Amino acid sequence: MAQFYNIKFLHEVEGLSQRQIAQKLGISRNTVSKYLKQNEAPTTINRQNSYIGREYSDETRRVLPIIDQWLEDDLKRWGKQKHTAARIFRRLQDEYNFKGSESNIRKVVAKRRKKLQDVFIPLDFQLSHQFQFDWGEADIILQGRTQRIYLFCMQLSASRVRFARAYLHEKQEAFLDGFVHAFEFFGGVPTEGLFDNLKTAVVKILQGRDRLEQEAFLALQAHYLFKAEFCNVRSGNEKV
């Protein structure tokens, strides 16, 4: 509102041109022109209504269904598996040749995420059917020194019960050992596990969701009688 009166004063009292006013106040000539045409200062409600009435650009509308699907999937996932607005923007650029701005996507994501959370109804998962696995990291003080540790993390999709075990590395022996302790902790073995494309499990990514798996990991599955399913490339967010 103060800007409205400043513009009016500079134009009608001091006799400055629109260009001079724009330079003096550090605003655009379009803003100066718009306010000079108005007889009353714009209220907060009027300014909000002007923004609410704006539609998304064609480029943004093109990717809205994709964003909505990713955000809906995120509501069934946990921890770092969820998308950030920055990751959504990068994926839109890489996978859908999106030409819009990151700041705009951040606003879209914040607005649509809140709306989706208000109406989302969680999915039910069959007990003992699926678990999800991922590595985590943490820094601890060990014998007086800071030490980076790696956390073997498993979650049951239905009950959301979680198991974590710390290791000094993410090598295959730690990876396989973690399953032994996790299944002992849970008191059984789900029929399916959902994984990222980690090197300790996957030798080569084939077409679609097909993978050439590590022999030791295949042996683990054969011993415990569960099947591994893998997320699409760069889509760890698919885990629930």
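The values are calculated or read from the model by the stated rules, or taken from the named source; none is laboratory data. Remember, predicted model here, so these are calculated numbers, not experimental data. Cβ coordinates were reconstructed from backbone atoms using ideal geometry, including for glycine residues, and neighbour counts include every protein chain displayed. The protein model used for the area step is the full one, side chains on, heavy atoms only, and it has no ligands, DNA or RNA in it. Shrake-Rupley method; radii C 1.70, N 1.55, O 1.52, S 1.80 Å.
Can you say whether Leu168 is on the phi > 0 side of the Ramachandran plot, modelled with pLDDT of 85 or more, of a type in the set (A, V, I, L, M) and open to solvent by 50 Å² or more (accessible area, probe 1.4 Å), as far as the supplied structure shows? So that I can check it myself, show each step before the final result.
Numbers: on the phi > 0 side of the Ramachandran plot: no; modelled with pLDDT of 85 or more: yes; of a type in the set (A, V, I, L, M): yes; open to solvent by 50 Å² or more (accessible area, probe 1.4 Å): yes.
So Leu168 does not fit the description; no.
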Pick from segment 209-240 the residues that are modelled with pLDDT of 75 or more and in a loop (DSSP other than H, G, I, E, B): which of them is surrounded by the fewest Cβ atoms within 10 Å (Cβ to Cβ)?
Leu225
Matching residues in segment 129-151 - criterion: being open to solvent by less than 30 Å² (accessible area, probe 1.4 Å), out of contact with any Cys (no Cβ under 8 Å at 6 or more places or on another chain) and closer than 15 Å to Leu198 by Cα
Gln132
What's the total number of residues in segment 80-101 that are in contact (Cβ under 8 Å) with a residue 60 or more places away in the chain and outside any helix (DSSP H, G or I)?
2
Determine which single condition Ala158 fails, assuming it passes every other condition in (1) open to solvent by 60 Å² or more (accessible area, probe 1.4 Å); (2) in a loop (DSSP other than H, G, I, E, B).
(1)
Condition check for Glu72: assigned to a loop (DSSP other than H, G, I, E, B), open to solvent by 70 Å² or more (accessible area, probe 1.4 Å) and either at pLDDT below 90 or not β-branched (Val, Ile, Thr) (or both):
no
Does segment 189-208 include one or more residues that are modelled with pLDDT of 75 or more, among the aliphatic types (A, V, I, L, M), in contact with a Cys (Cβ under 9 Å, 6 or more places away or on another chain) and open to solvent by less than 40 Å² (accessible area, probe 1.4 Å)?
yes
